[in-house]
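The values are calculated or read from the model by the stated rules, or taken from the named source; none is laboratory data. None of the values given here were measured: they were computed from a predicted structure. Reconstructed Cβ throughout: ideal geometry from the backbone, glycine too, with neighbour counts over all protein chains shown.
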Amino acid sequence: MAESIGRIYNILVVDDDKSICTLVKSILNLEKYYEINTLISGEACLKYIREQIPDLILMDIQMPGIDGIETLKRVKEYDSRIPVVMMSAHGTIERAVRSMKLGAYDFIEKPLKRERLPITVKNALMTSSLKREVDELKNELKQKYTFTNIIGQSGIMQEVFKSVETVVNSNVTVLIQGESGTGKELIARAIHYHSKTRANKPFVAVNCTALPESLLESELFGHEKGAFTGAVGRRVGKFEQANNGTIFLDEVGLMSPTTQAKVLRVLQEREFERVGGADLIKVDVRIISATNKDLEAAMKKGEFREDLYYRISVFPIKLPPLRDRKEDIPLLAAHFLNKYNDQEGKEIEGISPEALELLMAYNWPGNVRELENAIERAVVLASDVEIGAKELPAAVRSLGEKKLYESDNTLSSWIEKLEEEALRQALLENEGNISKTAKKLGIGRATIYRKAKKYGLPMIK
């Protein structure tokens with residue numbers, strides 16, 4: 001493990017018996033990536049870690065002054081991430097259990113075995129490295145979903161931020177409503193990663209429209225082996241995966257009545273069975289739902305359960321469409337420009353006044369997601385120091401629907417612009433998926449691909 005990483009690991013040996021320190025050093029010095037330091041007391045160890053953090057501590061339990069157990073306790077209080085392996089010639093089950101409860105990685109007995117010590121050290125270093133990587137990833141996620149990264153200085157977005165800040169540290173269910181592309185999942189993740197109790201636990205997102213009813217039930221609740229054709233083994237569902245954390249149910253309004261009833265039970269009882277199972281599984285999970293559908297209207301039509309609606313909408317948050325907060329467009333455009341400058345390795349300095357005027361005039365039916373796609377495309381196409389009008393999509397250049405009809409009087413160009421607008425909207429609704437777009441429009445995949453390429457529209461295969 002250490003050899004593959006190739007960095008020097010600082011290992012601290014703490015034992016009042018100098019012969020043990022010498023023995024450990026001689027065994028571990030066979031590994032060229034270890035730097036071994038030795039100390040003979042717990043007091044010296046505590047002083048050392050305040051000046052330099054070791055990658056691993058090997059420490060005797062029986063020492064004069066502050067013994068190994070007390071030193072371990074203080075080391076963990078100072079930095080819980082430091083792995084500590086305890087050593088003792090007086091090894092008992094009680095001492096081992098106590099060490100492990102205080103956070104020791106492992107417990108080895110003297111006389112030390114030359115075969116076991118290097119393996120224990122490598123395993124401890126590997127585990128510590130993985131834990132630090134996880135911590136770094138969690139910190140990155142928290143920074144990524146900080147409120148400062150959710151762009152919006154408009155009054156309407158400031159109200160949204162106040163609502164989000166109010167709810168982050170409660171366990172109340174949240175319903176985020178808004179059109180496609182307004183950033184509902186971004187808000188859900190911000191709520192999760194700023195929670196004091198759940199931020200370090202799982203965030204599990206489920207798109208309720210991505211799977212048919214039978215598979216969605218298995219996705220949410222898991223299944224037992226043999227529950228249905230193709231269930232060759234047990235599967236843990238999303239609710240179990242999200243235990244102690246947050247589950248995000250995107251497009252919750254499109255769940256079937258059967259699935260709605262089962263989700264309601266989880267909300268009420270905090271328990272469920274896997275598909276084909278009889279055992280009750282209890283979970284502590286926060287539910288955040290999102291929809292672009294009018295659930296109150298669906299409820300009145302009998303398409304959505306009234307009891308579930310009131311359960312998931314204890315704290316509703318309404319995200320405005322981009323057309324209702326156009327003052328945020330320059331900030332969002334600048335943010336996406338910086339993002340795709342970095343991604344594409346470009347140094348575009350800004351957006352021309354003419355292009356910005358077009359961005360402000362356009363109606364943005366695809367909301368923030370459509371704006372991001374437009375800026376990404378413009379960054380790829382731009383060859384100057386700033387993005388000009390010519391780099392923007394045709395629909396944006398036309399100044400929206402009104403200009404779409406006024407910009408040209410010929411029937412062929414009018415039909416072409418209508419075709420582009422229809423294809424662009426269909427691709428947005430299907431997140432660029434060619435197959436889904438072709439099915440929606442009733443035309444072939446090859447035609448979708450050819451026309452999307454012609455108009456410079458974003459797509460995935």
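Taking the listed residues Val172, Val164, the one that is at negative phi and outside any helix (DSSP H, G or I) is Val172, with no other qualifying.
When the residues of region 253-281 are narrowed to those that are among the small types (Gly, Ala, Ser) and in contact with a Gly (Cβ under 9 Å, 6 or more places away or on another chain), which ends up farthest from Val232 (Cα to Cα)? Spell out the reasoning first.
At the first step, the residues of region 253-281 found to be among the small types (Gly, Ala, Ser) are 253, 256, 261, 276-278.
Now drop any that are not in contact with a Gly (Cβ under 9 Å, 6 or more places away or on another chain), which leaves 276-277.
Values: Gly276: 12, Gly277: 14 Å.
My answer is Gly277.
Quick check, is Asn207 closer than 25 Å to Glu372 by Cα and surrounded by fewer than 17 Cβ atoms within 10 Å (Cβ to Cβ)? Let's see the steps before the verdict.
Details: closer than 25 Å to Glu372 by Cα: yes; surrounded by fewer than 17 Cβ atoms within 10 Å (Cβ to Cβ): yes.
In short, yes.
Yes or no: region 77-86 includes at least one residue that is of a type in the set (Phe, Trp, Tyr) and surrounded by fewer than 14 Cβ atoms within 10 Å (Cβ to Cβ). Scanning region 77-86, I find at least one residue that is of a type in the set (Phe, Trp, Tyr) and surrounded by fewer than 14 Cβ atoms within 10 Å (Cβ to Cβ), so the answer is yes.
Could you identify the single residue in Ser41, Ser26 that is out of contact with any helix residue (DSSP H, G or I) (no Cβ under 8 Å at 6 or more places or on another chain), exposed (fewer than 15 other Cβ atoms within 10 Å of the Cβ) and small (Gly, Ala, Ser)? I'd like the intermediate steps shown before the answer.
Numbers: Ser41 fails: exposed (fewer than 15 other Cβ atoms within 10 Å of the Cβ).
So the residue among Ser41, Ser26 that is out of contact with any helix residue (DSSP H, G or I) (no Cβ under 8 Å at 6 or more places or on another chain), exposed (fewer than 15 other Cβ atoms within 10 Å of the Cβ) and small (Gly, Ala, Ser) is Ser26.
Among the residues of region 94-122, how many are of a type in the set (S, T, N, Q) and modelled with pLDDT under 90?
Here is the first cut: in region 94-122, the residues of a type in the set (S, T, N, Q) are 99, 120.
Within this subset, residues satisfying the condition of being modelled with pLDDT under 90 are 99.
Residues meeting the conditions: 1.
If I ask for residues that are over 28 Å from the mean Cα position of the chain (by Cα), touching a residue at least 12 places away in the same chain (Cβ under 8 Å) and assigned to a loop (DSSP other than H, G, I, E, B), which ones from region 259-302 would you list? Within region 259-302, Gly276, Gly277 meet the criteria.
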